Amino acid sequence: MRLLRYAPRLLQVLAVLALLFLLPWWTLLASPAWPTPVLVAGTVVFVLAFVGLPTLMFLGHGPRQMDAAARAGDTLLGVIWVLFSWAVIGNIGRLALVLAGVPNPARARIVALAMLVIVLALVGYGVIEARRVPRVRTVEVSIPELGPGLDGLRLAVLADTHFGPIDRTRWSEKVVEVVNGLNPEMACHVGDLADGPVARRRGQVDPLAGVRAELGKFYVVGNHEHFGEAPGWLSRMTELGWEPLVNRHRVVCRGGDRLVVAGTDDPAGAGRMPGHGPDLEAALAGVDPELPVLLLAHQPRQVAEAARLGVALQISGHTHGGQIWPFHYLVRIEQPVLAGLSRHGQRTQLYTSRGTGFWGPPLRVFAPSEITLLILRARS
């Protein structure tokens, strides 16, 4: 009975996998009419990958949580997505060869070889881009309500570090070095800190204790903490000197002026435990309406509520900037913004980070990671 209940979802997954694998197989192997040994050997590789992907993902992200399987499965998922994307592009490009009068199988072989070269180059580039220490992106944000004593406040933003099956402890230490080199007065992490429980990932997260910010270090959970162990991460980040803001706020002061820093939970927390799930009205309860509000909320789509309640600036992550082009087209279906600074309503601005780390596939293609330095300006 349980199997029958999940049968429709299983069939959907298999249909998507079949599409992801069949189009690249046809473009690379079947259509070019390669010699039989090449076709057979390549087909065997595709079949093994087709069977191996769901198997590795289940072993890596299912009940057993085998990190080696997760690393292999995540990498394979990224590679097949790049293959599929460029198979689509290659078959569109095939039309140009048709118009140029190039006959088959030469036409199909040109497309296949070009696709293979491009995919190999992009996968190599993507791995390097994902594993590097992120570049710093400095953005000035004008907030008319900001008092002159807060003008020039430096805020370091981390997001979507996704510490997981690949041990990135040294990378974490280097990120902290970069952040401290920016001399921030405040720091925030806007969620998706880690994938998995504290016991498995704390070694990678613990270097964040070294971040220095005299006005405070603030943290909100993302959807992935709720998939793992949100209470544990809230407790651990508190021990590391970060202040979790779960539907609550605090006021920071500099130069005689005040700024409200609020945090709201991710929608994935709704119904999982008492007091979780987004509740911006609770987060802003008791706030002086004359003070500007800086809101930490993991997902950009939470800006609709922020704009309704007059928040001056929301800081979010979640999108990864798409992470692996052209996945950003799918992200934009769910989220109003992919990355950068945007305006919503009459007084609300939203800064969406492309993320500091990566989720799943250790690839970033045309969506570079970032450590963000926001400089708040008290001018219109």
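The values are calculated or read from the model by the stated rules, or taken from the named source; none is laboratory data. Note that the coordinates shown come from a computational prediction; the quantities given were computed from them, not determined experimentally. Here the Cβ positions follow ideal geometry from the backbone for every residue, glycine too, while neighbour counts run over all protein chains shown. For the accessible areas, the whole protein counts, side chains as well, though only heavy atoms, and no ligand, DNA or RNA atoms are used. Shrake-Rupley method; radii C 1.70, N 1.55, O 1.52, S 1.80 Å.
Summary table
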{"read-out": "Ratio of the Cα radius of gyration of the range 156-299 to 2.2 N^0.38 Å, where N counts its residues", "value": "1.03"}
{"read-out": "Accessible-area ranking of PHE84, PHE327, PHE21, largest first, probe 1.4 Å", "value": "PHE327, PHE84, PHE21"}
{"read-out": "Long-range amide H partners of HIS318 with built H, under 5 Å", "value": "ASP160"}
{"read-out": "Sites matching GluC sites (Glu not before Pro) across the range 205-287 that sit in DSSP coil, with at most 15 neighbouring C-beta atoms within 10 Å", "value": "GLU214"}
{"read-out": "Accessible-area composition of the chain, carbon plus sulfur, in percent [1.4 Å probe]", "value": "64"}
{"read-out": "Amide proton proximity set for THR372, modelled H, under 5 Å, gap of 5+", "value": "ARG137, VAL157"}
{"read-out": "Whole-angstrom Cα spans of the range 6-78 along principal axes, big to small", "value": "43, 29, 17"}
{"read-out": "Two-decimal Rg to Rh for the range 212-369 - Kirkwood Rh, Cα set", "value": "0.97"}
{"read-out": "When the convex hull of its Cα atoms is projected in every direction, mean area for the range 304-359 (nm²)", "value": "3.8"}
{"read-out": "Computed over the chain: relative contact order in percent, which uses C-alpha pairs under 8 Å that are six or more apart", "value": "20"}
{"read-out": "Kirkwood Rh in Å, taken over all unlike Cα pairs in the range 63-221", "value": "19.5"}
{"read-out": "Residue-by-residue Karplus 3J(HN,Hα) for the range 151-156, coefficients 6.51, -1.76, 1.60, Hz, glycine and proline x", "value": "4, x, 4, 9, 10, 8"}
{"read-out": "Cα Rg, Dmax (largest Cα-Cα span) when computed across the range 75-164, Å", "value": "22.6, 71"}
{"read-out": "Span-rule helices in the chain, defined as complete DSSP H runs reaching 27 Å or more along the axis (Cα) with Kyte mean at least -1.0", "value": "2-25, 36-61, 67-99, 106-131"}
{"read-out": "Ranked order, PHE50, PHE218, PHE227 - accessible area, probe 1.4 Å, largest first", "value": "PHE227, PHE50, PHE218"}
{"read-out": "Other-chain or far-sequence residues with amide H under 5 Å of PHE163's (modelled H)", "value": "ALA194, ASP195"}
{"read-out": "Three semi-axes of the equivalent ellipsoid, the range 1-138, Cα gyration tensor, whole Å, largest first", "value": "30, 23, 14"}
{"read-out": "Using alpha carbons only: equivalent-ellipsoid semi-axes of the range 221-298, gyration tensor based, whole Å", "value": "24, 15, 8"}
{"read-out": "Hull shadow area, averaged, the chain [alpha-carbon convex hull, nm²]", "value": "22.0"}
{"read-out": "The chain, accessible area per residue, ligands and nucleic acids excluded (1.4 Å, Å²)", "value": "44"}
{"read-out": "Per residue Cα convex hull volume in Å³ - calculated over the range 166-225", "value": "75"}
